[in-house]
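The values are calculated or read from the model by the stated rules, or taken from the named source; none is laboratory data. Here the structure is a predicted model, which is why all the values come from computation and not from measurement. Every residue, glycine as well, gets a Cβ built from its backbone with ideal geometry; the counts of neighbours run over all protein chains shown. Each accessible area value is taken on the protein alone, full model and side chains, heavy atoms only, with ligands, DNA and RNA left out. Shrake-Rupley method; radii C 1.70, N 1.55, O 1.52, S 1.80 Å.
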Amino acid sequence: MTTSQFHYLNGVLHAEAIPVTDLIAEYGSPLYVYSATQLLQNYRAIRAAFAPIDPLICYSVKSCGNVGVLKVLANEGAGMDIVSAGELQRALAAGVSPDRIVFAGVGKSREEMKQALAAGIFMFNVESTQELDRLQAVAAAAGKKARVALRVNIDVSDPGTHAKTATGGRHTKFGIPLQQAQELYLSTDRSALEITGLHIHLGSPIPSPQTYTAALDKVIEVIAQLRESGHDITMVNIGGGYPVSYRDPNGTDVPSIGEIGARICEKLHALYDQGVKFAIEPGRVISANAGLLLGSVEYVKQGWDRKIVILDTGMNSLIRPTLYGAHHPIWPVRYEDYSGSWGVYSTATAGTEEMDVVGPICETGDFFALQRHLPPLAQGDVMAVFCAGAYGMSQASQYNSRPRPAEILVEGARASVVRRRESYKDLLEHEVDSL
Ligand SMILES: *Cc1c(COP(=O)(O)O)cnc(C)c1O
């Protein structure tokens, strides 16, 4: 397993070579901090794990779509997985080559299709018959040919993930039921489309390689049947959902990307030898542990039966704890004279006390951690919420009219602002007509 780029040195948490206390002093609180080195380390581990089938690696923009982050990955050759025209704009702004962009999502508008066709993206992952008809019409009108993968719902009923992020089962809105998809592949009346791809995305995260291999067995069977009926599939996109550890910097509690990649490549090697091309759509496995959320203690108060620590940010910056019941490590950025990994949060017991760490938002669901053991905390202490890079800032809101935090990208001893802190002017910007 790769080492974390967030570690304590002489009692101070560092992002690569920079004490995060310096970042707070310079850029204020709350703050998202990303490590470019960690992003690259994660991306390269995926490339190595899947090397036997040499896939197009399309980073899932929705996991963390900051253009500065996208640039780091684009410069390394990554493609992008987008789910809206807004994400297309982000990918293009980051300099991603359009022929490395795939477009998923159940609700693509005509306008979004037009923009993606004009940009010349690699492939549309189509999720319904009506969407296929619309894409045919839009592509024909534009005089373009659209490359299509049908997103097939093969009914993987138990991906072992949270109900809100399971996307492969028959009761979800995602994909085209298998039987329908097989019929669509064989219908030939869509002249502006080249329907040679098959896409699956089973959920996020998928804790077991077994879920992928079971789904791929089905995919392999379907491709064989289609070939017998005279329709060739030349591109298989196996989606994302690769797990990360939200508890352990060494990731020992989830299967590694190396292990998952090996199992998947083993399954797909025969198709690879027959000339089939592959794509994957990793999101969180690249961005999650490459990002921190820093917040500061406003108050420590004693409730009826518990100690409550109130930070200057909460579910408005990171909604995962309350939305998904997600566990995020949290620990003060200054801790005694400790040097070592952020895993200290799970092992340190001496002098700790159980408390709730919450935000300022007027909702009971606004918390980072409940009944967590933490060392003594005081007003002004800065806290780090670890593994916050994925589905953190990308799901942040201005709820309670709180401007969103700034985002900082660190590489070695260099830090750059990749998104400035929102101002109160930003809050009111779109309401100027009513002022
Ligand atoms: C969200 C999403 C992904 C990425 O999921 P991760 O768990 O972040 O890897 C990939 N593909 C599609 C279609 C998605 O919607």
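What are the residues in the stretch 285-318 that are open to solvent by 10 Å² or more (accessible area, probe 1.4 Å), within 16 Å of the ligand (Cβ to nearest atom) and polar (S, T, N, Q), if any?
Asn289
Counting just the residues of the stretch 224-246 that are over 25 Å from Phe174 (Cα atoms) and touching a Phe, Trp or Tyr at 6+ places or on another chain (Cβ under 9 Å), which one comes out farthest from the ligand (Cβ to nearest atom)?
Ser229
Hey, among Gly160, Gly107, which residue is at pLDDT 95 or above, of a type in the set (Gly, Ala, Ser) and not in a helix (DSSP H, G or I)?
Values: Gly160 fails: at pLDDT 95 or above.
So the residue among Gly160, Gly107 that is at pLDDT 95 or above, of a type in the set (Gly, Ala, Ser) and not in a helix (DSSP H, G or I) is Gly107.
Residues Val333, Val344: which one is modelled with pLDDT under 95, out of contact with any Lys or Arg (no Cβ under 9 Å at 6 or more places or on another chain) and open to solvent by less than 20 Å² (accessible area, probe 1.4 Å)?
When all the criteria are applied, what remains is Val344.
Would the stretch 187-194 turn up any residue that is at pLDDT 95 or above, under 24 Å from Val61 (Cα atoms) and open to solvent by 10 Å² or more (accessible area, probe 1.4 Å)?
Among the residues of the stretch 187-194, not one is at pLDDT 95 or above, under 24 Å from Val61 (Cα atoms) and open to solvent by 10 Å² or more (accessible area, probe 1.4 Å), which makes the answer no.
Filtering the stretch 46-69 down to residues that are part of a helix (DSSP H, G or I) and either within 14 Å of the ligand (Cβ to nearest atom) or in the same structural domain as Leu318 (by TED's automatic domain parsing) (or both), which residue is most open to solvent (accessible area, probe 1.4 Å)?
This residue is Lys62.
Outside any helix (DSSP H, G or I), crowded, with 19+ Cβ neighbours inside 10 Å and aromatic (Phe, Trp, Tyr): is that true of Tyr8 in this structure? Talk me through it step by step, then tell me what you get.
Details: outside any helix (DSSP H, G or I): yes; crowded, with 19+ Cβ neighbours inside 10 Å: yes; aromatic (Phe, Trp, Tyr): yes.
Yes.
How many residues does the stretch 360-412 contain that are in a loop (DSSP other than H, G, I, E, B) and among the polar types (S, T, N, Q)? Break it down stepwise before answering.
Within the stretch 360-412, the first condition is being in a loop (DSSP other than H, G, I, E, B), and the residues that meet it are 360-366, 375-381, 386-392, 396-405, 412.
Next cut, among the polar types (S, T, N, Q) only: 364, 379, 397-398, 400-401.
Selection size over the stretch 360-412: 6.
Can you tell me how many residues within the stretch 167-179 are surrounded by 21 or more Cβ atoms within 10 Å (Cβ to Cβ) and either at pLDDT below 70 or over 19 Å from the mean Cα position of the chain (by Cα) (or both)?
Total meeting the criteria: 2.
Please determine whether any residue of the stretch 206-217 is touching a residue at least 60 places away in the same chain (Cβ under 8 Å) and more than 13 Å from the ligand (Cβ to nearest atom).
yes
Just one of (1) within 16 Å of the ligand (Cβ to nearest atom); (2) outside the structural domain of Ala48 (by TED's automatic domain parsing); (3) open to solvent by less than 30 Å² (accessible area, probe 1.4 Å); (4) among the aromatic types (Phe, Trp, Tyr) trips up Phe278, so point out which.
(2) is the only condition that Phe278 fails.
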